[in-house]
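Structure record follows, encoded as structure tokens.
The values are calculated or read from the model by the stated rules, or taken from the named source; none is laboratory data. Predicted, not measured: the structure shown is a model, and the values here were computed from it. Note that we place each Cβ from the backbone using ideal geometry, even for glycine, and neighbour counts take in every protein chain shown. Please note that ligands, DNA and RNA were not included when accessible areas were found on the heavy atoms of the full protein model with its side chains. Shrake-Rupley method; radii C 1.70, N 1.55, O 1.52, S 1.80 Å.
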Amino acid sequence: MKNWKDTVVGPEATILNAVEVMDKIGLQIAIVVDGDFKLLGVITDGDLRRGILKGYTLDKPAKLIMNPNPRSVSINETKEAILQKMTSLSIQHIPVLDEQGRIVKLEILEELVQVPTKPNDVVLIAGGLGTRLRPLTENFPKPLLKVGSKPILETIIDNFSEYGFRNFHLSVNYKSDLIEEHFGDGSKWGVKIKYVHEDKKMGTAGALGLLSERPKASFFVMNADLLTKVNFQQLLDFHKENGAIATMCVRQYDYQVPYGVVSIDGHKFMSIVEKPVQYFFINAGIYILEPEALDFVPKNEYLDMPTLFDKLTQDGRHTIVFPIREYWLDIGQKNDYDRANDEFQGIFG
């Protein structure tokens with residue numbers, strides 16, 4: 001049972017404070033209260049993402065992104081009534097208030113109901129050679145390298161399974177026999193696993209052309225060398241709410257120029273900014289696609305995911321981005337692998 005009091009912040013909190021309490025126990029919500037614990041507002045994961053896209057920095061006041069009129073329930077309402085309200089409103093958390101408007105509890109949907117198996121497939125791209133991680137990958141494919149106590153790919157499968165996504169397709173090539181030997185049909189983990197065999201390098205999107213059958217619902221595609229705590233259900237909800245054919249997860253990347261940057265007009269000096277920080281969004285290697293996106297994937301041809309997004313966009317299809325603020329690490333090189341092992345216990349427990 002997660003302690004909802006760990007999500008509480010005061011009215012003077014910054015956006016960074018809100019991020020810290022969200023990440024502390026993974027509830028994806030921060031509750032703003034006054035000194036008497038009266039509810040002032042809430043900040044959800046969606047509020048935070050919208051703030052990021054608006055350009056708010058982490059040192060800004062959290063009230064800029066706070067919802068001052070959140071849904072709530074009375075302390076006198078039954079569990080059944082609360083569950084019905086949360087289900088009808090499609091919300092994951094709801095504050096419980098006493099007669100004075102003070103919060104006494106936070107009801108969490110996943111604790112009220114058991115997560116059912118969802119119909120959405122998950123395609124994990126696990127066929128890479130792992131060249132940059134050699135000699136670690138000379139005898140094992142990268143997805144089977146252990147981070148913490150288990151292989152990277154096992155952690156990814158466990159994370160999806162927690163949200164009810166239990167139908168997997170593993171796209172394999174390099175040392176695929178070892179991956180199939182380890183995971184089998186997935187029954188050991190309470191999931192179903194099918195395999196897609198790449199006879200040649202196909203690219204992140206090209207491998208989708210090898211699926212034995214077309215997914216019947218929105219489906220995930222993810223590189224099998226990523227560790228993340230992204231909420232996959234929220235990602236799917238965001239994708240559906242926006243009516244997109246394809247959603248790409250992006251991660252904010254900050255780069256500080258190590259020099260003073262000078263603005264000029266011809267030969268005229270205008271201004272100078274010392275060591276400015278520039279912000280970019282990078283591709284995070286996690287996607288959701290609608291089944292009809294496969295109409296743009298050729299059979300048995302190489303195609304990377306950015307090119308597929310370009311093709312969809314050029315055809316006038318609605319493609320969007322989902323900013324990831326949770327833990328995310330691309331294990332591409334040896335220093336990334338060492339970092340993952342150092343951080344694993346604190347992040348994944």
Check on residue 118, open to solvent by 50 Å² or more (accessible area, probe 1.4 Å) and either over 21 Å from the mean Cα position of the chain (by Cα) or not small (Gly, Ala, Ser) (or both): no
Only unsatisfied item for residue 130, checking (1) modelled with pLDDT of 90 or more; (2) farther than 21 Å from residue 288 by Cβ, is (1)
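Taking into account only those residues within region 159-184 that are part of a helix (DSSP H, G or I) and either more than 27 Å from residue 200 (Cα to Cα) or modelled with pLDDT under 90 (or both), which is most open to solvent (accessible area, probe 1.4 Å)?
Kept after step one, since they are part of a helix (DSSP H, G or I), are these residues of region 159-184: 159-162, 176-183.
From the residues that got through so far, the ones that are either more than 27 Å from residue 200 (Cα to Cα) or modelled with pLDDT under 90 (or both) too are 159-162, 176-177.
On the way: 159: 22, 160: 0, 161: 19, 162: 121, 176: 26, 177: 97 Å².
So, considering only residues that are part of a helix (DSSP H, G or I) and either more than 27 Å from residue 200 (Cα to Cα) or modelled with pLDDT under 90 (or both), the one most open to solvent (accessible area, probe 1.4 Å) is 162.
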Every residue from region 198-210 that is under 24 Å from the mean Cα position of the chain (by Cα) and either open to solvent by 10 Å² or more (accessible area, probe 1.4 Å) or not hydrophobic (A, V, I, L, M, F, W, C) (or both): 203, 204, 206
Does region 270-280 contain at least one residue that is touching a Lys or Arg at 6+ places or on another chain (Cβ under 8 Å), closer than 24 Å to residue 320 by Cβ and not small (Gly, Ala, Ser)? no
State yes or no: is residue 296 farther than 26 Å from residue 110 by Cβ, in contact with a Pro (Cβ under 9 Å, 6 or more places away or on another chain) and surrounded by 15 or more Cβ atoms within 10 Å (Cβ to Cβ)? no
What are the residue pairs meeting all of these: first residue in region 37-57, first residue open to solvent by less than 30 Å² (accessible area, probe 1.4 Å), second residue polar (S, T, N, Q) and modelled with pLDDT under 85, Cβ atoms under 7 Å, and 6 or more apart or on different chains? 45/28
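Could you say whether any residue in region 249-261 is in contact with a Ser or Thr (Cβ under 8 Å, 6 or more places away or on another chain) and either at pLDDT 90 or above or among the hydroxyl-bearing types (Ser, Thr, Tyr) (or both)? Steps first, please.
The initial filter retains those residues of region 249-261 that are in contact with a Ser or Thr (Cβ under 8 Å, 6 or more places away or on another chain), namely none.
Checking region 249-261: not a single residue is in contact with a Ser or Thr (Cβ under 8 Å, 6 or more places away or on another chain) and either at pLDDT 90 or above or among the hydroxyl-bearing types (Ser, Thr, Tyr) (or both).
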Residue 156 surrounded by 19 or more Cβ atoms within 10 Å (Cβ to Cβ), outside any helix (DSSP H, G or I) and not small (Gly, Ala, Ser): no
Given 238, 219, 232, which one is under 25 Å from residue 342 (Cβ atoms), in contact (Cβ under 8 Å) with a residue 24 or more places away in the chain and aromatic (Phe, Trp, Tyr)? 232
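Tally the residues that are touching a Leu at 6+ places or on another chain (Cβ under 8 Å) and either of a type in the set (Lys, Arg) or exposed (fewer than 15 other Cβ atoms within 10 Å of the Cβ) (or both), restricting the search to region 127-153. Outline the logic, then answer.
If we filter region 127-153 for residues that are touching a Leu at 6+ places or on another chain (Cβ under 8 Å), which is where we start, we get 130, 133, 136-137, 140-145, 147, 151-153.
Right, trim to either of a type in the set (Lys, Arg) or exposed (fewer than 15 other Cβ atoms within 10 Å of the Cβ) (or both) and you get 136, 142.
Going through region 127-153 one residue at a time, the tally reaches 2.
Each row is one residue, and each column tells you yes or no for (1) at pLDDT below 85; (2) among the β-branched types (Val, Ile, Thr); (3) closer than 15 Å to residue 102 by Cα.
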site: 1; (1), (2), (3): yes, no, no
site: 8; (1), (2), (3): no, yes, yes
site: 14; (1), (2), (3): no, yes, no
site: 19; (1), (2), (3): no, yes, no
site: 24; (1), (2), (3): yes, no, no
site: 27; (1), (2), (3): yes, no, no
site: 36; (1), (2), (3): no, no, yes
site: 44; (1), (2), (3): no, yes, no
Inspect region 223-233 for any residue being of a type in the set (Val, Ile, Thr), open to solvent by less than 10 Å² (accessible area, probe 1.4 Å), closer than 21 Å to residue 329 by Cα and part of a loop (DSSP other than H, G, I, E, B) and give the result as yes or no. yes
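How about region 299-337: which of its residues are of a type in the set (D, E, K, R) and either open to solvent by 60 Å² or more (accessible area, probe 1.4 Å) or in a strand (DSSP E or B) (or both)? I'd like the intermediate steps shown before the answer.
Of all residues in region 299-337, those of a type in the set (D, E, K, R) come to 299, 301, 304, 310-311, 315, 317, 325-326, 330, 334, 336.
Within region 299-337, 299, 301, 310, 311, 315, 317, 330, 334 qualify.
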